[in-house]
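The values are calculated or read from the model by the stated rules, or taken from the named source; none is laboratory data. From a predicted model like this one, the values you see are computed outputs, not experimental measurements. Virtual Cβ from ideal backbone geometry, glycine too; neighbours counted across all protein chains shown.
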């Protein structure tokens, strides 16, 4: 490693269609006012964007569509052309196809060719894993500019014919927790106007011996008639483990950098749900830090969520302000964190 400085020059996001609030979701699935109240109180997320027409059951946009839009906007904001990109990295749990890799479809649409490309199969922390891969490429000297993408289209796993009144909580929560989106960031060794420095970044698997907290199936011709649910969420396990893991990430970042709690101006907390995000934010003990959150309006967007937060945060880091970001993935339990500093 050369120890080169790494900068985030821009960030962008893409959301499909108008926001869908809890009342509209309840009406579509024939749920009563008590169910909507449960969503409002227990989940605490007000709306989400879906890449799915709830009337026809057809997808309106693909992950590649959203990632292309976000990537193009991020490049424009950084003042860079596709030919200046040395590598493309995408983190996703829901690629459009197994092959070709969605990252390569997006690169082709953007006019990027002759570069390294990587697609990481991961849940929420895949966004930070993708940033980590970009950081390694940049610090090794094998790239100067990397386009990092993240996103998910989780609505494609919805069964619109299911009776939610008879659905187990582990499945039901997925219909209200998640939203669809994609995001992008331009990461470079060349700062550019408005860039922020990446002071620390790590991802770590901590799932030894732990049962998965979230499962997303992929069915093929041989098992497409399986009675396994397409998506399940152990929300009790998530409520138990994620707040503690978030605290561990924060302590590791602060200790490694020698920052005090009062040095943190912005907090990008985990975006599980409106309610959980608020509980985690309060528990982290950063009363002077401004929380950058979008889960109330956009839902849990998986691999896109960090980029939605970065898009909102970058302009607020001018004048040497500092930010910490925390991402926790419950599928097989990963924790990730990063620290940024404005110029």
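Within segment 223-242, does at least one residue satisfy the condition of being in contact with a strand residue (DSSP E or B) (Cβ under 6 Å, 6 or more places away or on another chain), within 30 Å of residue 316 (Cα to Cα) and not assigned by TED's automatic domain parsing to the domain that holds residue 153? Yes, the conditions are met somewhere in segment 223-242.
Taking segment 140-168 as the search range and keeping residues that are in a helix (DSSP H, G or I) and in contact (Cβ under 8 Å) with a residue 24 or more places away in the chain, which one is nearest to residue 302 (Cα to Cα)? Ranking the candidates gives 154 first. Scan segment 257-294 for residues that are closer than 13 Å to residue 324 by Cβ, in contact (Cβ under 8 Å) with a residue 60 or more places away in the chain and in a helix (DSSP H, G or I) and the total you get is 1.
Checking 54, 63, 34 one by one, the residue that is buried (at least 18 other Cβ atoms within 10 Å of the Cβ) and either at pLDDT 85 or above or out of contact with any strand residue (DSSP E or B) (no Cβ under 9 Å at 6 or more places or on another chain) (or both) is 63 and no other.
Only a single item in (1) modelled with pLDDT under 95; (2) over 29 Å from residue 196 (Cα atoms); (3) outside any helix (DSSP H, G or I) is not met by residue 123, and it is number (2). Scanning segment 111-136 for residues that are over 28 Å from residue 330 (Cβ atoms) and buried (at least 18 other Cβ atoms within 10 Å of the Cβ) yields one hit, 112. Inspection of segment 148-164 finds a residue satisfying the criterion of being surrounded by fewer than 19 Cβ atoms within 10 Å (Cβ to Cβ) and touching a helix residue (DSSP H, G or I) at 6+ places or on another chain (Cβ under 7 Å). Taking first residues from segment 100-117 that are assigned by TED's automatic domain parsing to the domain that holds residue 73 and partners that are part of a loop (DSSP other than H, G, I, E, B) and at pLDDT 95 or above, the Cβ contacts under 6 Å between residues at least 6 apart in sequence or on separate chains come to 102/95; 102/96; 112/85; 115/86. Does residue 193 fit the bill of being in a loop (DSSP other than H, G, I, E, B), out of contact with any strand residue (DSSP E or B) (no Cβ under 7 Å at 6 or more places or on another chain) and within 30 Å of residue 342 (Cβ to Cβ)? Judged against the criteria, residue 193 is a match.
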